[in-house]
Structures are given as C-alpha cells and as structure tokens.
1. Taking the stated definitions as given, is Ser69 of a type in the set (Ser, Thr, Tyr), outside any strand (DSSP E or B) and open to solvent by 40 Å² or more (accessible area, probe 1.4 Å)?
2. Could you tell me which of the residues Ser69, Ser50, Ser73, Ser54 is more than 26 Å from the chain's Cα centre (by Cα) and small (Gly, Ala, Ser)?
3. If the Cβ limit is 7 Å and pairs must be 6+ apart or interchain, which residue in the stretch 77-98 that is over 19 Å from Phe60 (Cβ atoms) pairs with which residue that is hydroxyl-bearing (Ser, Thr, Tyr) and open to solvent by 10 Å² or more (accessible area, probe 1.4 Å)?
4. Quick test for you: out of Tyr273, Tyr297, pick the one residue that is in contact with a helix residue (DSSP H, G or I) (Cβ under 7 Å, 6 or more places away or on another chain), farther than 25 Å from Arg217 by Cα and of a type in the set (Phe, Trp, Tyr).
5. Which residue is nearest to Gln2 (Cα to Cα), if the candidates are limited to the stretch 201-241 and must be in contact (Cβ under 8 Å) with a residue 40 or more places away in the chain and among the acidic types (Asp, Glu)?
6. Among the residues of the stretch 340-366, how many are touching a residue at least 60 places away in the same chain (Cβ under 8 Å), more than 24 Å from Arg205 (Cα to Cα) and in a helix (DSSP H, G or I)?
7. Does the stretch 100-122 include one or more residues that are closer than 24 Å to Thr190 by Cα, open to solvent by 10 Å² or more (accessible area, probe 1.4 Å) and either among the acidic types (Asp, Glu) or at pLDDT 95 or above (or both)?
8. Does any residue in the stretch 323-335 that is closer than 19 Å to Tyr300 by Cα come within less than 7 Å, Cβ to Cβ, of a residue that is assigned to a helix (DSSP H, G or I) and among the acidic types (Asp, Glu) six or more places away or on a different chain, and which pairs are these?
Amino acid sequence: MQFVFQTVPCVHMEWGASKHIAKICSDKFNEKNILIVTDAGIRKAGILQSAIQSLEDNKFNVHIFDRVSADPSETVLLECVDFAKKAEIDCVLGVGGGSSLDVAKLVAVLLKGDQELSGIYGIGNVKGDRKPLVLVPTTAGTGSEVTNISIITTGATTKMGVVAHQLYADIVLLDAQLTIGLPKIHTAATGIDAMVHAIEAYTSRHKKNPLSDALAREALRLLCGSLIKACCDGEDQSARENMQLGATLAGQAFANSPVGAVHALAYPLGGHYHVPHGISNALMLEPVLRFNFDHAYHLYAELGEAVGLEKKRDIREQATDFIEFIVSLLQRSGAPRFLRDVHVAEDMLPVLAKDAMKQTRLLQNNPIDVSENDALKLYEQVF
C-alpha cells in the first residue's frame, strides 16, 4: 500500500464562528492588513458584516474586493492582484462560493512571489510561498476551501487549472450559519456538486486511497441524508451543518483522489453556456454513472451501503439501487434534468463532446476510457 494524502492544517467548524473570526485569524498569524475576496451578491446580502465587524474591532485594516463572478476570468483575478498590491495586503480572506475561494487562493500566491499567472498553470508549477490564507465557504458544495486547485476562465469558452500544495489554506472556517438564505436551486446545485466529488473520488482510477475513501463515504452519507431537508427547509441548522461538513469532506477526498468524467463533461457546459458548475454536474451525473457501471458497480454497491441502502447478495443489483437512489435525489432536489432546460442547442452537442476531450487531467481518472463519440452519446442521453 502506497499513497500520499494532503489537506489543510486547520478546519474550524462552529455555528456563528464568523462573528469572532479575528480571534481565529490572530491565533495563526500576526498580519493586520487583510483583503477580503468575495462577490457583489455576498457583500450586498450583508453576509460579510459579522466578519468585518470582528476584524475591525480587533485592529485589522480591512480591504474588500467584491468583483468576483461565476467562472472567474484571468482579467478579474489580475485586477484583484493589482488591488491587493496597491493596498499592501499582508493576508487574504476568501469568503463566498468556489469562484471567490479560487481567486483568493491564487491572489495569495501571486502576491508573494514574482511568478506570472501564465507560468503557474498546470500541476506543481507554483514556486515559493504565499501570503497567509483563510477561506470561508458560504455554500456547501465546491469543496474549494480544502483543495489545492483553482480553476480560471482563460478565454471565451476555455478554462485552466492551477494545482499546487501552496493553495491549501492556513485556516478553513466552516460557519454553516452563513448558508442560511441560500436559495433552493443553489442549495441543490452545490449539494449535488459535493455528491459528485464524493462519488468520483471513490471511483477514481489512479489515486484512490483509504483516507479519501473514508472521507468520501462519510461525505456522501451526510449529503444524501440532508440534501432534500436543506432544499425544503433552508433554516434547518442540522441539515445546513451536515451539508457544509459533507462538502468539505468530499473536497478533501477529491483533492487527493481526483474527479473524472462527470466533471470533464460539465466544464464545456460552463464554458459555452455559463451553466453553474453544480448544475452542470447534476446534468451529467446519471449518464456517467450508467456509462461507468460495468467497471465500477462494486464501488457503487459499497457507496449504497454507506448511504444506508439495503445490502443485497447480488452486488450488481445493489449497485443499480444506488444509482436509482441518486437519480431520485436529483429529481426531488429540483435541479434541471435535461440540457435543453438550460438552453443548450442540440447542434452544439458535437462541439461540447470535442471540448470535453481536452479535459485529459480529469478523463484519465475515470474508471473507463471515454472517447469523443462516447461523450457525444452521453450528452445526447440528457438532451
């Protein structure tokens, strides 16, 4: 047995913890000139107020960059870096969904060294250290708070990733109270995104390992048990906490045992149609589960046990029950079920299939190889 497992050094989970975030930060570093990276919606909704109050009351100089958008571009990232340099920022606090957290991670890296953004794309190309980094997710889905990956939009329809150990944050603060008020569709999308992370980490071809497996199973148990509750009653504290913890555990799992074809086919939907990432994953999950069945049914059966399904003698039957259980959750969550529901044009399916083939970093992890023709058929199944 041989594997490497890495994750963040500190996860602090507490309902309402953002109200004393200054104390949590001060326990780890002394820097006081702090940049909050977020989006305009988070700021307008007042979600930042308790954190800002805590920081200012404890003599932090708070600077806010709130121009992050979904599928953040190189332009937005570099604007944030320039803003931070002018403010002589000492530490970075990312607050929001995956886009804000991804930008915060890269800003912390680019502020510290003299590397250009173009030189750090890919795996292991970041040199040196970064500024102190704290990440606070306000959704329960992306897992970005505990991954060493940032995804940036590089062109009209293309994305590139940075994968480096420097992207692991110093502190991850899980305050599920910040997810209260998240609309049902966003709760569903981000929750399903986390479920996909757990499933694909568990079935990953190359780096699957016992620690990621344990995290993925527990993540999926929490997520499947609370998704519908959180969607139907957004004020349910237990459901919100289970969703956020599940998303973080799934993030730790897939950071070490990477995702596969669901994500590879989801990315072109975001690139061409700006479909939110969680929705893209929700759309592609069922067809990919069925496509992978003959090579992953024994793993699906194990995941079925993890979420509490009845154990059966016939392992393929048990695996089928797991897929049907996941499909039922997708249907009950209210997430879109067909590509046409998110305005994808049928004549674009071959283009999407061709673009999916560019995601070699992800496709290599899938339990079975995926050809361009396979990808086209998978898109067609959910058109």
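1. yes
2. Details: Ser69 fails: more than 26 Å from the chain's Cα centre (by Cα); Ser50 fails: more than 26 Å from the chain's Cα centre (by Cα); Ser73 fails: more than 26 Å from the chain's Cα centre (by Cα).
Only one candidate qualifies: Ser54.
3. These pairs meet every condition: Gly97/Thr139; Gly97/Thr142; Gly98/Thr142.
4. Tyr273
5. Top of the filtered list is Asp213.
6. The total comes to 3.
7. Looking through the stretch 100-122, at least one residue is closer than 24 Å to Thr190 by Cα, open to solvent by 10 Å² or more (accessible area, probe 1.4 Å) and either among the acidic types (Asp, Glu) or at pLDDT 95 or above (or both).
8. Close Cβ pairs satisfying both conditions: Val327/Glu286; Leu330/Glu286.
The values are calculated or read from the model by the stated rules, or taken from the named source; none is laboratory data. None of the values given here were measured: they were computed from a predicted structure. Glycine gets a Cβ as well: all are built from the backbone with ideal geometry, and neighbour counts include every protein chain shown. Each accessible area value is taken on the protein alone, full model and side chains, heavy atoms only, with ligands, DNA and RNA left out. Shrake-Rupley method; radii C 1.70, N 1.55, O 1.52, S 1.80 Å.
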